[in-house]
Amino acid sequence: MVDLTQYVWIAWLILILIAVIIELLTLEFTFLMIAFGSVAGLGANLLGWEWWVQFLVAAAVSVLLLLTIRPVMLRYLRRGADPALSNIAALHGMSGRVVSPVADTTGLVKLANGETWTARLAPESAQRLIDTGASVRVVLVDGATVVIVPLERDSA
């Protein structure tokens, strides 16, 4: 009868290859740490240790790397990231001018970034209609519609 435990090194190589491929697709360093743990398991195999010890070594090294090295690598990777908000997050709190009168369900607003959006009044707004040219502020983005509230007029 063939002893399959003598071929465990092949399983370690396959696991390393799969983890590296997944890491190249995700770029989050999780599978890279698993690949390094698998290398440790392969090393345990080459030292002649039992298969279950190899598994424990691989798991311990992977967890240790995930908890220690991965956070440092992620911080280093993201340290030069642009802190500016973009997309929907950038619209929250943005000011604009009413292009077409805005009621509870309809209207158009031109935002400070130059985009024109369909708009509706926020339910907490005291007004039920905002006329053309009024200044407004975005409080929520709901699909392709911004929910707005009127800005208070300056007394100057």
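None of the figures in this text is laboratory data; all of them are computed from the coordinates on show. Just so we're clear, the structure is a prediction, and the values are computed from it rather than from any experiment. We place every Cβ from the backbone using ideal geometry, glycine too, and count neighbours over all the protein chains shown.
Quick notes on this structure:
- Subtracting the Cα-Cα distance of Leu46 and Arg75 from their residue separation scaled by 0.36 nm leaves 7.0 nm.
- Distances between placed amide hydrogens fall under 5 Å for Leu108 paired with Val99, Ser100, Ala119, all partners being 5 or more residues away or on another chain.
- Ranking Ala103, Ile88, Val57 by how far each Cα lies toward the positive end of the dipole of the range 53-142 (charges on Cβ) leaves Val57 at the top.
- Here the dipole of the range 3-141 is about 580 debye; that uses its Cα centre as origin and unit charges on the Cβ of Lys and Arg (positive) and Asp and Glu (negative).
- With Cα atoms defining each centre, the range 69-100 and the range 117-149 are spaced 23 Å apart in the structure.
- Whether the range 1-87 is rounded, prolate or oblate, judged on the alpha carbon gyration tensor where a/c under 1.5 counts as rounded: prolate
- In nm, spacing of pseudo-spin labels at Ala89 and Ala126 (7 Å Cα→C-beta vector): 3.4
- Calculated on the alpha-carbon coordinates, the convex hull of the chain measures out at 201 cubic angstrom per residue.
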